[in-house]
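This report refers to the structure that appears directly beneath it.
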Amino acid sequence: MTTSGITAEVPRQRGEGAEGPVLEVRDLHVEFKTREGIVKAVNGVNYSVSSGETLAVLGESGSGKSVTAQAIMGILDSPPGRVSKGEILFHGQDILQLPESERRKLRGPKMAMIFQDALSALNPVFSVGNQLGEMFRVHQGMSKKDAKAKSIELMERVKIPAARSRVNDYPHQFSGGMRQRIMIAMALALEPDLIIADEPTTALDVTVQAQVMDLLADLQREYNMGLILITHDLGVVADVADKIAVMYAGRIVEQAPIHELYKRPAHPYTRGLLDSIPRLDQKGQELYAIKGLPPNLLKTPSGCAFNPRCPKAQDICRTEVPALLPVTERDGTELVGRGSACHFREEQLHG
Ligand SMILES: Nc1ncnc2c1ncn2[C@@H]1O[C@H](COP(=O)(O)OP(=O)(O)OP(=O)(O)O)[C@@H](O)[C@H]1O
Ligand code: SF4
Ligand SMILES: [Mg+2]
């Protein structure tokens, strides 16, 4: 049985300049020591994001999306969690080798995170202006007055109405959508090179979701940041992401430029996810659902972790772990930026 999580070099995307990506995650492994045993939450993840680029990371609950993000930010719940292998290159430097004091200096000015639940991420006893202003006071030594002016400017940037009169309000006085805008403002404050947004709109209703997502996309372009957008909803990222990495049981099972993935998935799991998106032209029809449940990470199935749920599984799938390999056209041409971890990736692509 092959257990290697090592993945092949997938051809580079256009736009990845000579200076290289802002972030490159290489063969990342993260595990948690629990009473029941070692939970292998991330098993050899590779992905990268460049300035001005948006990478969507998609996968069902428990696939390791957030744990990968926490490892990048250096906020892993540790112990019990630890990075057991791999590299996280930020502007080419492996930040896993830095002492905690250096990593702390990156959070805010260089990389920032937007969480799903703004209410618990913001401090309830300080006004939003105070919390926004603190970024400038602590990191840039600004005076209270200047920091307040900057906070108002930022609130206007994220389109909070009447920002000047609301700057002294507390988080609970804002609606869910407005609080999420405040979180975006905090992440943007110091103009980091990388933002990771972990399910930033999941808690919002559908119309507000779209507005917040559009705002995030606009600001990302304006600031030319690298953005990693974590979601379990393929519909949410279609219009904003450049490329996508699909995760399953702690691995990337498919990666592709976003529109190519929609048109021609090269992995049965992605196919299943696409088939389970509600479509307006199929109103009333029963929605497809991938059968079964995500695997128990204490004991992932041998071979391809998706095999117990996969409609295309064959004998080899139960013994050999498929590596993430380039995907080719019928004439053998490699598709730029595409990779799939399926023994039958070409059949899936052309089928
Ligand atoms: N603090 C922890 N202790 C033990 N195991 C953990 C811990 N945090 C995460 N895990 C394990 O890591 C796995 C991956 O978790 P992660 O939060 O990355 O999933 P996710 O893909 O972000 O899912 P969701 O869509 O639900 O947010 C979980 O299934 C869990 O088994
Ligand atoms: S390797 Fe086999 S089980 Fe895994 S996705 Fe491909 S066909 Fe399905
Ligand atoms: Mg998560």
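On the basis of being crowded, with 18+ Cβ neighbours inside 10 Å, away from ligand 2 (no atom under 16 Å from the Cβ) and either farther than 30 Å from Gly37 by Cβ or in contact (Cβ under 8 Å) with a residue 24 or more places away in the chain (or both), does Leu297 make the cut? Talk me through it step by step, then tell me what you get.
Values: crowded, with 18+ Cβ neighbours inside 10 Å: yes; away from ligand 2 (no atom under 16 Å from the Cβ): yes; either farther than 30 Å from Gly37 by Cβ or in contact (Cβ under 8 Å) with a residue 24 or more places away in the chain (or both): yes.
In short, yes.
In the stretch 229-268, the residue that is farthest from ligand 1 (Cβ to nearest atom) out of those that are within 19 Å of Ala289 (Cα to Cα) and under 11 Å from the mean Cα position of the chain (by Cα) is Val246.
Taking each residue of the stretch 323-349 that is within 15 Å of Val253 (Cβ to Cβ) and looking for partners that are of a type in the set (Asp, Glu) and surrounded by fewer than 17 Cβ atoms within 10 Å (Cβ to Cβ) with beta-carbon atoms closer than 6 Å, six or more apart or interchain, yields Pro326/Glu334.
The residue that is farthest from Lys243 (Cα to Cα), among those in the stretch 55-78 that are near ligand 1 (Cβ under 9 Å from one of its atoms) and not small (Gly, Ala, Ser), is Asp77.
Every condition in (1) away from ligand 1 (no atom under 16 Å from the Cβ); (2) among the hydrophobic types (A, V, I, L, M, F, W, C); (3) within 30 Å of Glu53 (Cα to Cα) holds for Cys317 except the one numbered (3). Tell me, please, whether a residue that is aromatic (Phe, Trp, Tyr) and within 16 Å of ligand 2 (Cβ to nearest atom) can be found in the stretch 240-255. Yes; the residues of the stretch 240-255 include at least one that is aromatic (Phe, Trp, Tyr) and within 16 Å of ligand 2 (Cβ to nearest atom).
Here the condition is being within 16 Å of ligand 1 (Cβ to nearest atom), in contact with a strand residue (DSSP E or B) (Cβ under 6 Å, 6 or more places away or on another chain), at pLDDT 90 or above and not aromatic (Phe, Trp, Tyr); of Ala197, Ala187, it holds for Ala197 alone. Quick check on the stretch 246-256. Is at least one of its residues away from ligand 3 (no atom under 16 Å from the Cβ), touching a Leu at 6+ places or on another chain (Cβ under 8 Å) and at pLDDT below 90? No, there is no match, as no residue in the stretch 246-256 is away from ligand 3 (no atom under 16 Å from the Cβ), touching a Leu at 6+ places or on another chain (Cβ under 8 Å) and at pLDDT below 90. With respect to (1) surrounded by 23 or more Cβ atoms within 10 Å (Cβ to Cβ); (2) closer than 29 Å to Gly235 by Cα, the lone exception for Val128 is condition (2). Considering the stretch 304-351, and only residues there that are polar (S, T, N, Q) and not in a loop (DSSP other than H, G, I, E, B), the residue that is farthest from Pro265 (Cα to Cα) turns out to be Asn307. State all residues of the stretch 88-118 that are of a type outside the set (Gly, Ala, Ser), farther than 30 Å from Val167 by Cα and in contact (Cβ under 8 Å) with a residue 40 or more places away in the chain; if no residue qualifies, say none. Scanning the stretch 88-118 gives Ile88, Leu89, Phe90, His91. Cβ-Cβ distances below 8 Å connect the following pairs, each with a first residue in the stretch 52-78 that is polar (S, T, N, Q), a second residue that is assigned to a loop (DSSP other than H, G, I, E, B) and within 10 Å of ligand 1 (Cβ to nearest atom), and a separation of six or more residues or different chains: Ser61/His232; Ser61/Pro294; Ser63/Ala249; Ser63/Gly250; Ser63/Pro294; Gln70/Leu76; Gln70/Asp77.
Does at least one position in the stretch 196-211 carry a residue that is among the β-branched types (Val, Ile, Thr), buried (at least 24 other Cβ atoms within 10 Å of the Cβ) and within 16 Å of ligand 3 (Cβ to nearest atom)? Let's see the steps before the verdict.
Taking the stretch 196-211 as the starting set, the residues that turn out to be among the β-branched types (Val, Ile, Thr) are 196, 201-202, 206-208.
Subsequent filtering for residues that are buried (at least 24 other Cβ atoms within 10 Å of the Cβ) retains 196, 201.
The next check asks that each one be within 16 Å of ligand 3 (Cβ to nearest atom); those that pass are 196, 201.
Yes: one or more hits.
Taken over the stretch 31-85, the criterion of being of a type outside the set (A, V, I, L, M, F, W, C), in a strand (DSSP E or B) and within 14 Å of ligand 3 (Cβ to nearest atom) is satisfied by Gly81 alone.
The set of residues in the stretch 173-227 being touching a helix residue (DSSP H, G or I) at 6+ places or on another chain (Cβ under 7 Å) and among the acidic types (Asp, Glu) consists of Glu191, Asp198.
The values are calculated or read from the model by the stated rules, or taken from the named source; none is laboratory data. Predicted model, so just to flag it, every value in this text is computed and none were measured. Note that we place each Cβ from the backbone using ideal geometry, even for glycine, and neighbour counts take in every protein chain shown.
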